[in-house]
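Colleague: Provided herewith is a single structure, encoded as structure tokens, for subsequent inquiry.
The values are calculated or read from the model by the stated rules, or taken from the named source; none is laboratory data. Owing to the predicted nature of the structure, the values given are computational and were not obtained by experimental measurement. Heads up, the Cβs are rebuilt from the backbone with ideal geometry, glycines too, and the neighbour counts pull from every protein chain shown. Protein only, heavy atoms only, side chains kept; ligands, DNA and RNA dropped before computing areas. Shrake-Rupley method; radii C 1.70, N 1.55, O 1.52, S 1.80 Å.
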Amino acid sequence: MRFVPIDQLEPGMRLGRKIINESRTCMLARGMELKDMHILRLKSHGYTGAYISDKFSAEVEYVEAVSEETFDMGVKAVAENNVGDLLQIAGRIVDEIARLETVSMDLLDLRSFDDYTYHHSVNVAVYATAVGSKMELSDEELQDLTVAALCHDLGKSRISPEIINKKERLTDEEYEEIKRHPQYGFEMLQSHAEIKSVVRQAVIFHHENENGSGYPYGKSGSDIPLFARIIHAVDVYDALTSKRSYKEPYSSADALAYMDGGKGILFDPSVVEAMEKVIPAYLPGIDVLLSNGERALVLSQGSHSLRPVVKIYASGQTVNLSTDPAYESVVIVASGMAGEGGQVQKLNEDRGKAPESKEMRQILVVDDSAISRAQTKNILGKEYMVIALENAVACAHYIAVKGCPDLLIMDIDMPVVSGVAAVENLRNKGYKDLKVMFLTGVSDRETVLRCRRVGAIDYILKPANPVYLLERVKVAFKESRDVY
Ligand SMILES: [Fe+2]
Ligand SMILES: [Fe+2]
């Protein structure tokens, strides 16, 4: 079977998997032939597509990471804050995941749910278990990790649903309230003697970042417990790949690119590496466009997550992109489409749209390299007004005349005045609230600390990964939620 985006579904196609509705009962059965009214119904329920079975894609089988029964039990137990049941469900998840090489998300679930937190918690548990098992944790550790993952957002149940489900931009106070959920979750688990302290620790630290820029305590590196580091990374991956009422989903490949960009800054590199092994960038059953112009269907993950085994539409030939010498220099340039254009590309365009009409925010980019300036402008220019300058002196002059931009993106290693010194000067001149992000090739510890001392909100390594840079700018403007 293969995944066909909603706008390319046609009457006469046969469903390769049953489709379930919000209450998880069967809406359309596997094997049935689609009619116009079914396609309309799928559209009105917010489905992004459906799995279709046909001769060409007969080899692709969707393997559920966990059984439907376990998933449903997990969703229910999380919704009811039923800690006793969660312990038991964690055991089931560990048993079911242990035999899998990779876990992929179910593209049929790419809808926005009102009960997002419950589905999300079970997804996070599934990914965390797979990553933990790749990292060779013991059975007992895996069980504890999975319990912690199921419980990681329990504290959100103490926050008002109006804030959690708000479509509009959150106020600063609302953000602060949401950021209390790790602490709330920790407190809720304290009354449960059967919950181990390692589980509570993982819950309270699941939003800490590798470089100390997370919350609630700003812990860094190995001071953050391993379970929390694992849950943090898979939590962000699931948030990025989910459709929410206020955003379109990332493709798996883009979400993994984000994880890669955040390696060593937000995430433990060894956790990201394990994720890259167990979560396919290109999911079996989706279409990809190759750089030689051929269209192909992904059959399975090869030995390299970015180079799966595919079947070429025109020739019917099966190619392992990791090993086939004829395809050595061929790369995947787009994914997700079944016809012209492409679903993922389309999703990316939707995601790029501003959620509400607003004045374009202004970003000042200071970098001595013309190539870097052009790249940054290229990545951010569609959504923001980008002004690029080549040195700190021009930057100081610009700000003195025009006032503060909404964000300053600063290189560090520049002739005459370094980026850090330039920001220090600006702070001394009274620009205390100016948002500053460093974009640099320098990453030694001393420099990172100096950046933090001058009040930088973020630190991004060059060459900038486009997905990562754009999302971090959204985080800086609080346009992105769940991903921090
Ligand atoms: Fe969380
Ligand atoms: Fe979460």
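Colleague: Evaluate region 185-205: report whether one residue or more is assigned to a loop (DSSP other than H, G, I, E, B), surrounded by 18 or more Cβ atoms within 10 Å (Cβ to Cβ) and within 11 Å of ligand 1 (Cβ to nearest atom). Working first, answer last.
Modeller: In the first step, residues of region 185-205 are kept if they are assigned to a loop (DSSP other than H, G, I, E, B); the result is 191-196, 205.
Pick out the ones that are also surrounded by 18 or more Cβ atoms within 10 Å (Cβ to Cβ) and you get 195, 205.
Of the ones still in play, those that are also within 11 Å of ligand 1 (Cβ to nearest atom) are 205.
Yes, that holds for at least one residue.
Colleague: Just to be sure I understand the filter: pairs with C-beta atoms under 7 Å, separated by 6 or more residues or on different chains, first member in region 270-298 and under 13 Å from Met259 (Cβ atoms) and free of Cβ contacts under 8 Å to residues at least 60 places away in the same chain, second member polar (S, T, N, Q) and in a loop (DSSP other than H, G, I, E, B). Which pairs pass?
Modeller: Glu276/Ser305; Ala281/Ser305
Colleague: Give, as residue ranges, the helices (runs of 4 or more DSSP H) completely inside region 73-162 that count at least 3 residues that are open to solvent by less than 40 Å² (accessible area, probe 1.4 Å) and within 13 Å of ligand 2 (Cβ to nearest atom). So that I can check it myself, show each step before the final result.
Modeller: Numbers: elements: 83-97, 116-134, 139-151.
Because the criterion is at least 3 residues that are open to solvent by less than 40 Å² (accessible area, probe 1.4 Å) and within 13 Å of ligand 2 (Cβ to nearest atom), the helices (runs of 4 or more DSSP H) in region 73-162 that meet it are 116-134, 139-151.
Colleague: Identify, from the list Thr117, Thr102, the residue that is in the same structural domain as Val75 (by TED's automatic domain parsing) and in contact with a Pro (Cβ under 6 Å, 6 or more places away or on another chain). Talk me through it step by step, then tell me what you get.
Modeller: Details: Thr117 fails: in contact with a Pro (Cβ under 6 Å, 6 or more places away or on another chain).
Exactly one residue qualifies, and that residue is Thr102.
Colleague: Now for a different question. Just give me the residues in region 23-68 being farther than 29 Å from Val309 by Cβ and hydroxyl-bearing (Ser, Thr, Tyr), in sequence order.
Modeller: Ser23, Thr25, Ser44
Colleague: Restricting to region 213-228, and then to whatever is assigned to a helix (DSSP H, G or I) and surrounded by 22 or more Cβ atoms within 10 Å (Cβ to Cβ), can you tell me which residue is farthest from ligand 1 (Cβ to nearest atom)? Please lay out each step first, then the result.
Modeller: Residues of region 213-228 that are assigned to a helix (DSSP H, G or I), as a first pass: 221-223, 226-228.
Still in the list and also surrounded by 22 or more Cβ atoms within 10 Å (Cβ to Cβ): 227-228.
On the way: Phe227: 14, Ala228: 11 Å.
So the residue we want is Phe227.
Colleague: In region 284-306, is there at least one residue being in contact with a helix residue (DSSP H, G or I) (Cβ under 7 Å, 6 or more places away or on another chain), crowded, with 17+ Cβ neighbours inside 10 Å and of a type in the set (D, E, K, R)? Full working, then the answer.
Modeller: At the first step, the residues of region 284-306 found to be in contact with a helix residue (DSSP H, G or I) (Cβ under 7 Å, 6 or more places away or on another chain) are 305.
Those still in the list that are crowded, with 17+ Cβ neighbours inside 10 Å too: 305.
Keeping just the survivors that are of a type in the set (D, E, K, R) gives none.
No: region 284-306 contains no residue that is in contact with a helix residue (DSSP H, G or I) (Cβ under 7 Å, 6 or more places away or on another chain), crowded, with 17+ Cβ neighbours inside 10 Å and of a type in the set (D, E, K, R).
Colleague: While we're looking at this one, here's another question. Quick check on Ala456: is it more than 16 Å from ligand 1 (Cβ to nearest atom), in a loop (DSSP other than H, G, I, E, B) and touching a residue at least 60 places away in the same chain (Cβ under 8 Å)? Steps first, please.
Modeller: Working: more than 16 Å from ligand 1 (Cβ to nearest atom): yes; in a loop (DSSP other than H, G, I, E, B): yes; touching a residue at least 60 places away in the same chain (Cβ under 8 Å): no.
Against the criterion (more than 16 Å from ligand 1 (Cβ to nearest atom), in a loop (DSSP other than H, G, I, E, B) and touching a residue at least 60 places away in the same chain (Cβ under 8 Å)), Ala456 does not qualify.
Colleague: Another one. Just to be sure I understand, how many residues within region 39-62 are more than 26 Å from Arg244 (Cβ to Cβ), of a type outside the set (S, T, N, Q) and open to solvent by 40 Å² or more (accessible area, probe 1.4 Å)?
Modeller: Number satisfying all stated conditions: 6.
Colleague: Cβ-Cβ distance below 8 Å, separation of 6 or more or different chains: which pairs start in region 117-131 with a residue that is farther than 13 Å from Ser242 by Cα and without any contact (Cβ under 8 Å) to a residue 40 or more places away in the chain and end on one that is within 11 Å of ligand 2 (Cβ to nearest atom) and part of a helix (DSSP H, G or I)?
Modeller: Thr129/Ala149
Colleague: Scanning for something over 22 Å from Gly441 (Cα atoms), assigned by TED's automatic domain parsing to the domain that holds Thr146 and surrounded by fewer than 23 Cβ atoms within 10 Å (Cβ to Cβ), does region 266-274 turn up at least one residue?
Modeller: Going residue by residue through region 266-274, those that are over 22 Å from Gly441 (Cα atoms) are 271, 274.
Checking which are assigned by TED's automatic domain parsing to the domain that holds Thr146 leaves us with 271, 274.
Narrowing further to those that are surrounded by fewer than 23 Cβ atoms within 10 Å (Cβ to Cβ): 274.
Yes - at least one qualifying residue is present in region 266-274.
Colleague: Right, another one. For residues in region 238-270 being within 16 Å of ligand 1 (Cβ to nearest atom) and among the hydrophobic types (A, V, I, L, M, F, W, C), which is nearest to Pro5 (Cα to Cα)?
Modeller: Result: Leu240.
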